[in-house]
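Worksheet for the structure shown next.
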Ligand code: AMO
């Protein structure tokens, strides 16, 4: 029966006749003695043999990357990682790893310089054999689970909305058009319209974790053409502050869960569990601060560099990694944002370590108000009746947020590029694998 490396380490022992199975990660051949490391999903163990053993020749014929089954006994040795090594009785190659490999996989743990990202993405399955890389996806999976836990415990219901849609929710030019029989359709930029329509359904609190698509022509470290959008929408709010409170609680839950997880799994980062409430700055005040630093571009909009400067300012002033930018000017927000006096809206962005990870706010819920907002922007209201009709039959005050999962993961693991946080990322040039 197969024993996992962790079980062998825990028991300090591989019972005779039982085997371990995994990938060869390293071979040290000293002619009359050979050391082979084999890794499974739980850890890496050393197999040692000398030239008098039957298994010696089989071990000698292995390539790094091969899949093997090793049967034998074990010996405790404090000098080896895990404190146990395997003395093989037989070694069977279950699958060959062809040579040369497309990216270096020898001694992955000790990979000194990482091959370039594009080469790694082309051979992602091999790249993931590096525990530093797989750690990112363990983290992402753990975060997605914690988000679900949070929403379930807060009485939110998971929904699944269409990704082939008739119209974009976020405006702008970054819509992917698809041929849909005789019609034009688009890939959904956001579940915005649908999660809002659910507010007229009586279900009150919904969330979705699903792909969203944006035709981003620029290859930047923070944009993908396909990303995972974590969306929430809830009814009967008093203002956007209710949404910010809920979002804070979600992130505290996620980061404290993750803190325990990284310790347990020995992952190479240590997230800080944020104090509540998170710092909040009104958008226009942030603009003034940035003007003082000279960190704004000429259109006076807070973008990448401005976000980084605000993040730094908040870290220094409040020792906090998060900051809400609130009360965004109307012209920077989509039509559905709830307006407020002074040309502002009841909407916010959340920055984490100097990068936007979330947008949210209160939405317009009055049918006539929505109609006027469409008119003011010269958007043809009738074309959106599939959405706006939901506001005619009892739409409660509501709001929500959309958070980019990969942006959150990128910031937690400290990756330079958001593509590090996607198994098989998509950008303008990459459609494969
Ligand atoms: P927004 O367009 O700001 O808002 O998107 C919400 C969050 O999604 C992430 N994001 C992206 N991540 C990677 N690559 C991209 N190209 C990309 N575009 C967006 C960001 C961003 O903060 N409907 C609103 C949300 C709401 O108000 O509920 C929306 O989509 O982290």
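Where a number appears in this text, it was derived from the coordinates with a stated rule and is not lab data. Model, not experiment: these values are computed from the prediction. Because the Cβ atoms are built from the backbone with ideal geometry, glycine has one as well, and the counts that use them run over all protein chains shown.
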Can you tell me the length gained on complete extension of the stretch residue 245 to residue 417, counting 0.36 nm per residue apart and subtracting the Cα distance? 59.0 nm
Counting C-alpha atoms alone, how compact is region 24-143: give Rg to one decimal and Dmax as a whole number, in angstrom. 15.4, 50
Taking only the alpha carbons of region 340-398, what extent do you get along each of the three principal axes, in Å, biggest first? 41, 23, 23
Arrange the peptides 182-188, 235-241 so that the one whose residues have, on average, the most other Cβ atoms within 10 Å appears first. 235-241, 182-188
Any number yet on Rg/Rh for region 161-268, C-alpha, Kirkwood? 1.06
Select from 211, 279, 115 the residue whose mean-square fluctuation is largest in a Gaussian network model of the chain (Cα-Cα springs shorter than 10 Å). 115
If you wrap a convex hull around the Cα atoms of the chain, how much volume per residue is inside, in Å³? 184 Å³
Extension gain from residue 376 to residue 149, taking 0.36 nm per residue of separation minus the Cα-Cα distance: 77.6 nm
Write down the percent of antiparallel bridges among all DSSP beta bridges whose residues are both part of region 150-235, to the nearest 5. 90 percent
Counting DSSP beta bridges with both ends in the chain, the antiparallel % (nearest 5): 90 percent
Show that you can apply the helix-only estimate: for the chain, add -39,500 (n - 2.57) for every DSSP H stretch of four or more residues, divide by all residues, and state [θ] at 222 nm to the nearest 500. -8500 deg cm²/dmol
Here the FRET efficiency for residue 6 versus residue 123, based on Cβ atoms and R0 = 25 Å and rounded to 0.05, is 0.40
Looking only at 216, 382, 356, which one moves most when the chain is put into a Gaussian network model with springs between Cα atoms under 10 Å? 382
Please work out the C-alpha center-to-center distance from region 246-261 to region 188-221 and express it in whole Å. 22 Å
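Over all distinct alpha-carbon pairs, what is the Kirkwood Rh of region 41-99 in angstrom?
Mean inverse Cα-Cα distance, inverted, gives 12.2 Å.
Assuming a viscosity of 0.692 mPa s and a temperature of 37 °C, what translational diffusion coefficient in µm² per second does Stokes-Einstein assign to region 262-414, Rh being the Kirkwood radius over Cα pairs?
This corresponds to a translational diffusion coefficient of 189 µm²/s.
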Scattering curve values for region 141-210, log₁₀ I(q)/I(0), Debye with Cα scatterers, q = 0.12, 0.19, 0.21, 0.24 Å⁻¹: -0.42, -0.84, -0.92, -1.03
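Per the Kirkwood formula on distinct C-alpha pairs, the Rh of region 91-217 is how many angstrom?
18.8 Å
Compute the length gained on full extension between residue 219 and residue 300: take 0.36 nm times their separation in residues and subtract their Cα-Cα distance, giving the result in nm to one decimal.
26.9 nm
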Who wins for biggest fluctuation among 257, 130, 416 in a Gaussian network model of the chain, springs between alpha carbons below 10 Å? 416
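What do the square roots of 5 times the Cα gyration tensor eigenvalues come to for region 274-324, in whole Å, largest first, as semi-axes of the equivalent ellipsoid?
After scaling each eigenvalue by five and taking roots: 20, 10, 9 Å.
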Note to self: C-alpha centroids of region 384-418 and region 280-312 sit apart, in Å, by 23 Å
Rh by Kirkwood over Cα pairs, then Stokes-Einstein D for region 290-373 at 1.306 mPa s and 10 °C, µm²/s: 115 µm²/s
For the chain, calculate the relative contact order in percent as a whole number, restricting contacts to Cα pairs under 8 Å that are 6 or more residues apart. 13 percent
Given points 7 Å out from each Cα along the Cα-Cβ axis, report the residue 173 to residue 89 separation in nanometres with one decimal. 7.0 nm
Can you list, bin by bin at 10 Å, the percent of alpha carbon pairs in region 365-433, starting at 0? 16, 27, 15, 29, 13
How big is region 232-352 along each principal axis, measuring the range of its Cα positions in Å and listing the largest first? 49, 40, 21
